[in-house]
Structure formats: C-alpha cells, structure tokens
Amino acid sequence: MIECITHWDRIHPILDKATGQVATHKLSDVMLLPPVERPGKIMGIGLNYGSHAEESGQASAEQMWFTKAVTSISAPYATIDLPIVSHQLDYEAELVAVIGKRCRHVDPDSAADYVFGYCAGNDATIRDWQFKTSQFTLGKSFDTLAPIGPWIVTADDIDPQNLAIKCFVNGEERQSAHTSEMIFKVCDQIAYLSKAMTLEPGDLIFTGTPGGVGAARSPQLWLEAGDRVRVEIEHIGSIENEVVAERRPS
Ligand code: MG
C-alpha cells in the first residue's frame with residue numbers, strides 16, 4: 001500500500017480506467033486489513049479538542065506530540081486486547097491523516113498537498129501506563145491499540161475540518177463532536193511536525209480526540225472484554241472492534 005501511495009499519481013489514472021472492468025466482491029465476503037499495515041511512523045497529537053483538554057484538566061499552547069509503536073496497528077474490525085497487565089483500556093475516536101508525499105518544512109498553506117487521504121482510527125490507550133511516567137509512549141503502544149480503516153478516502157474527496165466524529169460503546173454514544181473543533185487543524189499539525197522530521201508516504205497522523213473518553217467520566221469507565229467500540233466519521237465510514245482478554249503467547 002505504501003508503494004501504491006508513493007506512486008499514486010501514476011497509478012491513479014490506471015485504476016480509474018479499470019473501474020467497472022475488475023471483479024467486485026461483497027464487503028461481507030471479504031476481510032478488511034488495515035489500510036496501511038506497517039506505516040513508517042505513527043504520530044499522535046494530544047489535547048487537540050477543547051472538550052477533551054477541559055475534561056483532562058490540561059491544555060497545551062504548543063502542539064503536544066507522542067508516538068504509537070507501528071506494531072500497534074490493527075484491522076478495522078479486528079479485536080482489541082484488554083491487556084494482562086492493566087484493566088484501564090480506553091477509547092479515543094480520531095480522524096487519521098495518511099501522508100502521501102515526502103515532505104519537510106512545509107507551511108500550513110501547502111501542507112494539504114502532502115496528504116494522501118483519511119481514515120477513521122481509535123487511538124486506544126492504556127491509561128495507567130500512559131501516566132506512569134511523563135512519557136505517553138508505552139500506554140499508547142500496546143499491540144492492537146491502533147485500529148484504522150475501514151479504508152482510506154483520498155484527500156480530494158474530503159474536507160478534514162468538516163466531519164462529524166463519534167464513538168459508540170455497545171451502541172451507546174460516548175463521544176460526539178466535529179472536526180471543525182480541532183484546536184490545531186490538520187494542516188497546522190503537518191507543518192509543525194515537518195519542522196522536526198521528514199514525513200513519508202504511509203506515515204499516519206492521529207489528529208486528536210474530542211471529549212467523552214472513559215478516563216474523564218465519573219466514575220471512570222473502562223472498556224471490558226466483550227465490549228464493542230465503534231468509531232464513526234462522516235464521509236469515511238466506521239471501524240468496530242470487540243475487546244477481548246489478551247492471551248499470553250504459548
Ligand atoms: Mg489521542
């Protein structure tokens with residue numbers, strides 16, 4: 001997929017011509033894999049919706065970035081592990097930007113040119129591990145904590161700052177917001193990140209979650225084995241993941 005994204009300008013017209021000439025399958029007959037199975041990197045921004053910054057009792061004047069390990073990637077309908085070492089599994093519905101072109105030091109006005117497309121994602125988090133130290137990395141990086149999909153909608157088809165975003169647990173609405181509420185817009189995020197690092201095709205950017213996470217509720221509400229968590233984003237679709245107890249490798 002990363003090869004396909006890298007050479008998209010060449011591949012796109014070929015695919016367009018093939019429309020209607022290739023075999024089609026029902027969604028129910030196929031198993032969807034993560035649209036990018038092994039991105040070069042996953043960057044996530046924290047506290048990027050006012051509602052979430054407020055419920056967290058924190059705010060950041062600077063963009064606050066962390067990484068998720070690339071091995072945390074999971075398929076749009078795969079299970080999420082409730083870890084052996086923690087019960088504090090939480091959800092975070094997020095719009096995920098997929099980088100399309102290599103870039104460094106881009107300004108916000110041209111940042112959109114480097115986005116391939118968007119998918120829905122769950123920046124699932126193990127909260128106690130997130131806050132054991134000042135570094136979020138481990139709490140964000142357990143296996144299966146980054147389900148994405150169900151596909152990538154290309155950037156020409158979508159306005160990333162004009163989408164309804166929701167999260168449901170067992171059908172009950174837990175988060176409901178609009179991407180226009182982001183504090184730092186997707187273009188600002190790419191511009192800022194690119195001051196520090198080269199962004200490459202297939203890199204994923206988790207663009208922040210709105211208010212309503214389980215950790216901020218009173219009492220706190222953690223995901224349990226058997227729960228089904230769905231992230232739904234307007235014009236993209238939804239991913240849905242059942243929580244299962246992690247099994248120790250034999
Ligand atoms: Mg997040």
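The values are calculated or read from the model by the stated rules, or taken from the named source; none is laboratory data. Just so it is clear, the model here is predicted, and its values are computed rather than measured. Every residue, glycine among them, receives a Cβ derived from its backbone with ideal geometry; neighbour counts consider all protein chains shown. When the accessible area is computed, the model is the full protein with side chains, heavy atoms only, and any ligands, DNA or RNA have been set aside. Shrake-Rupley method; radii C 1.70, N 1.55, O 1.52, S 1.80 Å.
Observations, loosely collected:
- Each residue in region 26-50 was checked for being open to solvent by less than 70 Å² (accessible area, probe 1.4 Å), more than 13 Å from the ligand (Cβ to nearest atom) and not in a loop (DSSP other than H, G, I, E, B), and 1 pass.
- Pairing residues of region 174-193 that are in a loop (DSSP other than H, G, I, E, B) with residues that are crowded, with 22+ Cβ neighbours inside 10 Å and at pLDDT 95 or above, at Cβ distances under 6 Å and at least 6 apart in sequence or on separate chains, gives Ile183/Asn48; Phe184/Asn48.
- Selection within region 191-202: residues that are more than 16 Å from the ligand (Cβ to nearest atom) and surrounded by 21 or more Cβ atoms within 10 Å (Cβ to Cβ). The member of this set that is farthest from Lys41 (Cα to Cα) is Ala191.
- The set of residues from region 154-190 being open to solvent by less than 10 Å² (accessible area, probe 1.4 Å) and aliphatic (A, V, I, L, M) comprises Leu163, Ile165, Val169, Met182, Val186, Ile190.
- Taking the criterion of being within 18 Å of Ile126 (Cβ to Cβ) and either away from the ligand (no atom under 16 Å from the Cβ) or not in a loop (DSSP other than H, G, I, E, B) (or both), the residues of region 206-218 that qualify are Phe206, Gly214, Ala215, Ala216, Arg217.
- Residues of region 158-167 classified as in contact with an Asp or Glu (Cβ under 7 Å, 6 or more places away or on another chain) and not charged (D, E, K, R), total: 2
- One residue stands out among those in region 140-173 that are over 15 Å from the mean Cα position of the chain (by Cα) and more than 18 Å from Thr207 (Cβ to Cβ): the one that is farthest from the ligand (Cβ to nearest atom), which is Asp156.
- Among residues of region 224-239, those that are within 14 Å of Gln175 (Cα to Cα) and open to solvent by less than 70 Å² (accessible area, probe 1.4 Å), counted: 6
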